[in-house]
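The values are calculated or read from the model by the stated rules, or taken from the named source; none is laboratory data. Note that the coordinates shown come from a computational prediction; the quantities given were computed from them, not determined experimentally. As a convention, Cβ positions derive from the backbone with ideal geometry for all residues, glycine included, and neighbour counts pool all protein chains shown.
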């Protein structure tokens with residue numbers, strides 16, 4: 001990395017633990033990037049993470065003066081990518097390394113189409129148990145941040161970013177086959193997010209619910225066949241790993257989608273189950289459970305967002 005800033009956009013469930021650790025290590029070299037809508041809150045001085053005031057430098061379009069971003073960790077929701085990047089695109093230089101950490105696959109295609117000159121690595125976060133109460137952000141488990149090269153020529157960039165994260169004490173893994181890892185993570189989201197959001201199921205309860213386990217396993221079997229149409233091999237061992245994750249969680253954790261429902265926010269249903277539903281239709285693969293779960297989740301969201309009035 002050169003002498004530019006380490007930036008992060010999206011101070012939510014995924015972004016907050018990462019931002020705190022990066023700020024502690026890199027201090028003034030770390031910045032929060034924001035659209036103008038959210039900049040006031042980030043600059044307010046009222047934000048606390050695990051009880052400690054959190055007030056790094058904030059860059060927004062209104063006060064941007066050409067500061068250089070070496071790397072930008074992108075943690076906004078998928079549905080906010082387009083509007084957010086329409087505002088901040090002039091902050092992204094051709095040599096800014098982009099590291100999206102959203103659920104699913106949409107962000108990679110979006111960023112490569114908007115910033116074809118930039119290197120876009122691939123990665124995701126798994127397991128943070130962040131909760132947000134107004135200005136207070138709390139977490140006990142920061143989760144694990146996985147990244148890797150989607151391109152052989154990007155191997156050095158992925159390794160450098162891994163070193164940057166490790167230096168800050170961020171739990172992270174450098175994956176040789178990041179594509180397979182991302183598809184396995186998406187399987188976890190497709191099988192778990194809407195199911196928990198519709199039932200108020202905390203992960204710590206999963207081991208005590210044979211019905212939840214049955215539904216999740218059925219969804220993953222459908223998912224396996226859809227993935228195969230995209231030349232991704234999901235094995236029974238992969239499914240067993242996700243089931244172990246569901247049933248071995250020892251502390252309270254809500255999925256991000258359940259948190260969204262509780263707080264009556266839009267969800268990423270379209271980018272998780274909806275993404276796989278559309279692939280199934282495209283390739284002529286039957287996925288009735290995924291289709292049904294997507295539809296019920298969409299109805300629930302439409303109801304509490306007032307879209308059916």
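Worth pointing out:
- Residue check for residue 8: within 27 Å of residue 167 (Cβ to Cβ), outside any helix (DSSP H, G or I) and at pLDDT 95 or above: yes
- Reported count of residues in the range 65-79, each being more than 21 Å from residue 119 (Cβ to Cβ), surrounded by fewer than 21 Cβ atoms within 10 Å (Cβ to Cβ) and touching a residue at least 40 places away in the same chain (Cβ under 8 Å), is 1.
Here is a yes/no grid of residues against (1) surrounded by fewer than 18 Cβ atoms within 10 Å (Cβ to Cβ); (2) assigned by TED's automatic domain parsing to the domain that holds residue 25; (3) under 18 Å from the mean Cα position of the chain (by Cα); (4) assigned to a loop (DSSP other than H, G, I, E, B):
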site	(1), (2), (3), (4)
156	yes, yes, no, no
159	yes, yes, no, no
163	yes, yes, no, no
170	no, yes, yes, yes
193	no, no, yes, no
197	no, no, yes, no
201	no, no, no, yes
211	yes, no, no, no
216	no, no, no, no
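- Flag if residue 230 is at pLDDT below 95, surrounded by fewer than 21 Cβ atoms within 10 Å (Cβ to Cβ), in the same structural domain as residue 196 (by TED's automatic domain parsing) and within 22 Å of the chain's Cα centre (by Cα): no
- The residues of the range 248-284 that are over 13 Å from residue 77 (Cβ atoms), surrounded by fewer than 16 Cβ atoms within 10 Å (Cβ to Cβ) and touching a helix residue (DSSP H, G or I) at 6+ places or on another chain (Cβ under 8 Å), listed by number, are 248, 250, 251, 252, 264, 283.
- Filtered by the rule that a residue be closer than 20 Å to residue 245 by Cβ, in contact with a helix residue (DSSP H, G or I) (Cβ under 7 Å, 6 or more places away or on another chain) and assigned to a loop (DSSP other than H, G, I, E, B), the range 105-142 gives 105, 128, 130, 139, 142.
- Looking only at the range 124-149, and only at residues there that are modelled with pLDDT under 95 and over 17 Å from the mean Cα position of the chain (by Cα), the one that is nearest to residue 250 (Cα to Cα): 140
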